[in-house]
1. Are there any pairs with C-beta distances below 7 angstrom linking a residue in region 125-145 that is touching a residue at least 24 places away in the same chain (Cβ under 8 Å) and aromatic (F, W, Y) to a residue that is in a strand (DSSP E or B) and surrounded by 13 or more Cβ atoms within 10 Å (Cβ to Cβ), with the two at least 6 apart or on different chains, and if so which?
2. Here is a list: V43, V62, V58. Which entry is at pLDDT 95 or above and under 14 Å from V127 (Cα atoms)?
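The values are calculated or read from the model by the stated rules, or taken from the named source; none is laboratory data. Note that this is a predicted model, so its numbers are computed, not measured. Here the Cβ positions follow ideal geometry from the backbone for every residue, glycine too, while neighbour counts run over all protein chains shown.
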Amino acid sequence: MSDALSPPDSHALVNRPPDQAIVAATNTDEQFLRLHLMPDTKVLLPIKQVTEVITIPVGQIVPIPHMPACVMGVYNWRGEVLWMVDLGHLGGLLPYYQQTMRMAHTAVVLKGNDKTSMQKNQTLGLVVDRVEDVEWCDPNLIQPLPLSPITSDLEALLRGYLWQSEDAMLAVLEAEAIIAAIARL
């Protein structure tokens, strides 16, 4: 096995040439799913918090009366009732139904977690504008949110942000924060 693929330790990084140290340091990277909440609002969600991405034909989400506006209804997913939430609307952005007419919805199935109030096997569907790509990012580089023009509702769903380039940052969502926001509705 190559030294560059071995787990990094501080001594090995100091004694390697700079290009090998960079490769070894990226062994902490994790996969994040890049989503669009609106056409111009991109966020990241850790892949380990996602079960799958699904496409749902319009009309297949059954509305439930007297629910908060961000709860679109329920959907039959693998024989289970999956609550469908407009993630952008939950975050204080323009509701999904006001953005554009579509033939199908794109949804991310979020895993329940023992650390949350959800049962271990419970899931939640998050309707988004679109799913774009998977990115490798170092979670240690996630920084606290700066003072910026984001809604306080959206800020409550975030873990922090990652710089994509010198002038662009991506907000990083946190499953537990999303689930906690739903529980408060």
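1. W136/Q31
2. On the way: V43 fails: at pLDDT 95 or above; V58 fails: at pLDDT 95 or above.
Answer to the selection: V62.
For every residue, the table says whether it meets (1) in a strand (DSSP E or B); (2) in contact with a Gly (Cβ under 7 Å, 6 or more places away or on another chain); (3) at pLDDT below 95; (4) of a type in the set (S, T, Y).
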position	(1), (2), (3), (4)
A69	no, no, yes, no
V74	yes, no, no, no
H89	no, no, yes, no
H105	yes, no, yes, no
V108	yes, no, no, no
